[in-house]
1. So what is the calculated 222 nm ellipticity per residue for chain C, using -39500 (n - 2.57) for each DSSP H run with n of 4 or more, over all residues, to the nearest 500 deg cm²/dmol?
2. Just for the Cα atoms in region A:2-180, what are the lengths along the principal axes, largest first, rounded to whole Å?
3. Averaged over peptide B:265-275, how many Cβ atoms belonging to another chain are found within 10 Å of each residue's Cβ?
4. What percentage of the solvent-accessible surface of region C:266-375, computed with a 1.4 Å probe over protein heavy atoms, is contributed by carbon and sulfur atoms?
5. List every residue whose amide H lies under 5 Å from the amide H of B:L72, counting only residues 5 or more places away in sequence or on a different chain, with H placed 1.01 Å from N in the peptide plane.
6. Whose amide H sits under 5 Å from the amide H of C:V278, counting only residues 5 or more places off or on another chain, with H placed in the peptide plane?
7. How many percent of Cα pairs in region C:4-181 exceed 20 Å?
8. Would you mind calculating the relative contact order of chain C from Cα pairs under 8 angstrom and at least 6 residues apart, reporting the percent as a whole number?
Amino acid sequence: MKQQLRLSGSGGQGVITAAIIFAEAAVADGLEAVQSQSYGPEARGGASKSEVIVSDEPIYHPHVEHPNLVLAMTQKAADKYFIDLREDGLLVLDEQLVPKPPKFARAFRIPITKLAVEEVGKPLFANIVALGALVRLTQLVPLEAVRTSVANRVPPHTVEPNMKALRVGWDAAGKGMEKQGMGAFTPKAGAGGAR
Amino acid sequence: MSAEQTAERSFERYFRANRLPHLWCPGCGNGIAMKAIVQAIEKKGLSQDDTVIVSGIGCSSRASGYMDFDTLHTAHGRAIPFATGIKLANPKLNVVVITGDGDCTAIGGNHFIHGCRRNIDLTVVLFNNNIYGMTGGQASPTTPLGAKATTAPYGSVDRPFDACRLAEASGATYVARSTAFHVRHLSDMIAGGFDNKGFSFIEAMVQCPTAYGRKNKMASPAAMMEWMRDHAVMKAAFDKLPDTEKSAGRFPIGLLYQSEDVDYDTAYEVVKERAGGAGK
Amino acid sequence: MTKARLMQGNEACAEGALAAGVNFFAGYPITPSTEIAETMARLLPKRGGTFVQMEDEIASMGAILGASLAGAKVMDATSGPGFSLKQELIGYAACAEIPCVVALVQRVGPSTGQPTAPSQGDVMQTRWGTHGDHSILVLSPWSVRETFDASVLAVNYAERFRMPVILLLDEIVGHLRERVVLPEHVETYPRRKPKKTRAEGYQPFAPDDDLVPNVADFGTGYHIHVTGLIHDETGFPSGSPAVTAEAIRRMQEKIARAGEGIVHTEASFMEDAKWAVVAFGGTARTAYEAVRTMRARGGKVGLLRLMTIWPFADAVIARLAKQVRGILVAELSYGQIVHEVRRAAAGACPVALCAKYNMKAFEPAEIVAGIEKLMGGDVK
């Protein structure tokens, strides 16, 4: 079992933090995990990409070759980072911030940032809303381990809204899965399958 | 040897007799400033075992080799960073820095102002001879306007630094100046620096007859010392001078600035306390 | 063993240093090494140590050398541009024999280059960056866990040989987060102490049996003199040709004498290998993946990973060159370590280069392609 996830957006949206939390939860669950990132000089704006590989075996090459899942939180990120997504992979998009979804059969749209604003109160929580959705969609790591990691990684006074954000994302993904009539997304392992 | 003579030469125990004579030219002011430092050390009763002398590169900075303490002859301009590391690693040590005008205010200028800013508990004595002596008389950041040097053969047009004002503006908490002519006064100024827990800066004006004097119509060491005698004015008197006289080459000596502020060691103890590592 | 946790390479560098007894760190912010300084700023005061952010990279180097002379175990961290500035005082530390560790997290150069992108282009800078002749010790780990170990080893070697040791990371490993289980206890090398008193004729720079002097710490009553001028056993400058030659010889010999024990390498799939990949740091992980792919296709390919970069693994490469039909060196630069591999292989087999310098780390397929090209039609 080896799963490769790519989380992308613009600097400041928190995709790197979301990826770290995902990887940390995987480690807590006894899996091997590596997390890496690439980013420009901007602390805010610009393109930001973070990758997580989760496996039950040692991980050598530390970067994603052909992702099983791509999350894009902006149009620019969607256009740039879904290119090498495996055919049987899943593309998760912010419904409002990616108005022109790339042509990909297995695209899953969630109003991530809208939910963060309307349900949690600030766009700041969009990354954790997205994380909640990814946890539900992939079912690679237990929600409880993710909750623990969130609590460790975010500023203490924001733990409560972040927990809410996680739940909002989890629920939104569940609702969407129901609507599309899909079960838990279980992408196929292996190195091949790139389009 | 009489008891009186012994007392008079008691400073000798602070020198490494086997490393003398020094390499400075006859008539150089560096030896006077070096002796003023050990007399200040003696006056304040600083232990030889707990005092470290740190120097940079240049004529002045050879002083460390002659002094019987733990001594460190660093790289050009870098004495203050090395001294900062020593002081922070072992705050019980008294750390004295000997530096020159090129060492301290040119290549080491950035370290100098940041040492002042941190108010790290060092006593920095700048031997200011207005010239690069060891390399043979090139203009330094304290070479006066119009003065000649091998790299300013038509007279220097680079505006000079006032190192004391620089120290004050940068956050030093004790700033004083004296000259090789005013020997006791110089030693007192240095001793005053030992009393200050923080960054103490003492500018010692010293003559360089070989590389500076000969080029600037002061061929003899005595002439240079006379110049210092005639142009140095005690601060209180200097402050009362009309501006026209202040600008006539005169400069103030004495304690120029002093303030109370937290030194870096003390400040970092607070950091350790906040982090929960105090006393570890 | 401690609990498994997710840790970044730069964090592991700091944790390793702390475990090895580092109690003084001076630094200056620079991508991609900054997390090392940030971790030290957070953890050192908790443990009674001292962190100071200096005004530039030269100053931070000066501060660690001063602290080391005053008895502290010290580290500094930087990236390529900062390392260039530190060269002056790395040379000082070599000449004055001051134990210190400098972590260098490589990024694309020259100059400001590409600050956030991976590279391995500082290999030669670590060896030949200072003026003059001296030996150097450079370690380059390939994982977060090994970064911890290499950091401990770097501190221990710095103390043992009284010299600067460079912990050469790349952005791949420095910024990588992965699962680690750290040891509860590590072996540490204590500060060397004088074996004689002043009255017994102690000379601070007289070499011990291993050619390393037992220099007294400042503040212990020895009144020593330390200088970056060439000096004799007393520590004082000397203008003697014989003293100069001996000082320079000893700076080289103390490392040469330590022999292969300090040259760490790791061989994978090498027993029956007819072809070899040589790589180090983050690139070695990708090379490992490439070698596995070749093995799955029946290719007799192995990996030799260099962990000690300097002194170079001359003997290991010489043996390797006699075993295999060809060597591929994969490195994220225009080609640096490949020159050393060629030199050490001494013509015993062809040495090809798989170079990459476009801001991107290697992908396994690129190294696979390099191996296939080297092998020609040979698939065994």
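1. -11500 deg cm²/dmol
2. The principal-axis extents, from largest down, are 40, 40, 37 Å.
3. Working: counts 1, 0, 0, 4, 1, 1, 6, 7, 1, 2, 10.
The mean count of partner-chain Cβ atoms within 10 Å per residue comes to 3.
4. Details: 2190 of 4140 Å².
Reported share for carbon and sulfur atoms: 53 percent.
5. Result for B:L72 returns B:I53, B:V54, B:S55, C:V226.
6. For C:V278, the qualifying residues are C:L304, C:L328, C:V329, C:A330.
7. Values: 6957 of 15753 pairs.
In whole percent, the share of Cα-Cα pairs in region C:4-181 beyond 20 Å is 44.
8. Value for chain C: 16 percent.
The values are calculated or read from the model by the stated rules, or taken from the named source; none is laboratory data. In this text the structure is predicted, and so the values were computed from the model without any measurement. Reconstructed Cβ throughout: ideal geometry from the backbone, glycine too, with neighbour counts over all protein chains shown. Surface areas here come from the heavy atoms of the whole protein model, side chains and all, with no ligands, DNA or RNA. Shrake-Rupley method; radii C 1.70, N 1.55, O 1.52, S 1.80 Å.
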